[in-house]
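Peer 1: Dumping the structure here so I can ask a few things about it.
The values are calculated or read from the model by the stated rules, or taken from the named source; none is laboratory data. These numbers come from a predicted model, not from an experiment. Glycine also receives a Cβ, built like all others from the backbone with ideal geometry; neighbour counts cover every protein chain displayed.
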Ligand SMILES: Cc1cc2nc3c(=O)[nH]c(=O)nc-3n(C[C@H](O)[C@H](O)[C@H](O)COP(=O)(O)O)c2cc1C
């Protein structure tokens with residue numbers, strides 16, 4: 001990818017051992033250069049907002065992408081290339097990148113090259129940014145548009161860091177700025193603009209917000225059915241009826257986010273809300289094979305008779321993930337995070353293996369593959385299950 005001004009990374013991007021890449025990126029440059037192919041550009045440089053019916057174009061684009069229903073949600077330090085590829089192998093039909101910081105992305109070569117990687121199989125791809133300056137975001141977005149299918153604006157991050165930086169869900173307090181950002185992108189980019197929002201406590205405010213985004217040029221809207229204050233996804237159930245109301249209030253494609261833990265949730269959500277597709281985040285981290293119909297033991301209670309061992313477990317998925325990381329390097333801190341999410345239940349049974357893992361200030365692939373072997377030798381068996389009536393194809397055929 002093209003790069004621009006190099007500046008010092010600190011303090012926004014601290015570097016320690018865990019921030020180092022897990023393998024040598026040189027050998028992958030050839031792979032990356034393939035995506036410089038100008039034929040990947042989607043529409044001409046006239047800007048996505050101009051000409052024709054915007055709504056029709058939004059739908060034409062969605063159809064061109066194959067109308068993906070099963071989508072990997074954006075996750076900082078977690079929805080990076082190897083994880084996206086793993087989820088795609090197990091049924092995900094599209095994926096978001098982690099949120100990228102638009103200003104740092106424009107200023108810093110190293111941030112750009114480390115935090116945004118992709119490859120030809122990594123499509124459809126939605127590249128997400130946080131921003132509060134239309135011009136800065138446009139500059140950042142222009143760098144990624146040849147490699148993606150939507151440039152997405154994060155309007156949902158509720159964390160303190162987003163409050164300090166005035167982005168994410170805190171832009172809900174400044175809707176004229178949100179409008180200006182979306183209009184700027186939509187009238188200048190080749191690829192369509194998508195937005196990921198949270199709901200307001202008041203339904204009418206949410207509907208007005210969604211309509212404003214549509215009018216400003218947003219072509220795809222993902223609605224996380226929780227408010228900015230409902231930070232804990234385990235504590236607060238997402239409000240699907242608010243998502244249904246948004247779906248009914250706008251004409252662009254809408255995606256639902258929240259409460260997707262297995263394929264029955266996918267089916268129920270599509271039926272109840274009428275949206276085009278669903279995003280899953282936390283559950284996918286524990287079970288990247290969710291969209292292929294696999295479920296963790298937590299989600300088979302009450303239906304044990306109709307479920308069977310799926311002959312796949314989280315250690316198998318970790319090994320597949322590590323192989324992808326060898327091919328497409330990522331910082332070790334990201335691998336560390338996936339190991340904890342994937343093997344959390346395994347570590348509970350053998351805490352000394354977790355302690356050993358945590359004690360490694362510098363990880364290696366050799367250590368990680370050996371760690372999986374050690375767990376296998378301890379006869380840990382935590383299968384992922386398949387519920388026969390909930391195979392992905394059966395669910396999608398019915399929806
Ligand atoms: C580890 C993690 C990182 C996240 N990072 C982002 C992000 O970068 N951008 C974003 O819009 N949402 C982010 N989210 C929120 C998710 O995309 C999603 O909206 C939220 O977790 C609700 O979905 P779920 O109920 O399936 O977990 C993150 C969530 C998790 C668990």
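Peer 1: Cβ-Cβ distance below 8 Å, separation of 6 or more or different chains: which pairs start in region 265-284 with a residue that is within 15 Å of residue 237 (Cα to Cα) and end on one that is near the ligand (Cβ under 7 Å from one of its atoms) and modelled with pLDDT under 95?
Peer 2: 265/259; 269/259; 281/233; 282/233
Peer 1: If you go through region 276-295, how many residues are touching a strand residue (DSSP E or B) at 6+ places or on another chain (Cβ under 8 Å), within 14 Å of the ligand (Cβ to nearest atom) and part of a loop (DSSP other than H, G, I, E, B)?
Peer 2: 2
Peer 1: Would you check which residues across region 249-269 are away from the ligand (no atom under 15 Å from the Cβ) and in contact with a strand residue (DSSP E or B) (Cβ under 9 Å, 6 or more places away or on another chain) and list them?
Peer 2: If the condition is that a residue be away from the ligand (no atom under 15 Å from the Cβ) and in contact with a strand residue (DSSP E or B) (Cβ under 9 Å, 6 or more places away or on another chain), then 250, 252, 253 are the ones that fit.
Peer 1: Looking only at region 73-94, which residues are within 11 Å of the ligand (Cβ to nearest atom) and within 23 Å of residue 19 (Cβ to Cβ)?
Peer 2: If the condition is that a residue be within 11 Å of the ligand (Cβ to nearest atom) and within 23 Å of residue 19 (Cβ to Cβ), then 74, 75, 76, 77, 78, 79, 80, 83 are the ones that fit.
Peer 1: Quick one: which residue in 305, 301 is more than 17 Å from the chain's Cα centre (by Cα), surrounded by fewer than 19 Cβ atoms within 10 Å (Cβ to Cβ) and not in a helix (DSSP H, G or I)?
Peer 2: 301
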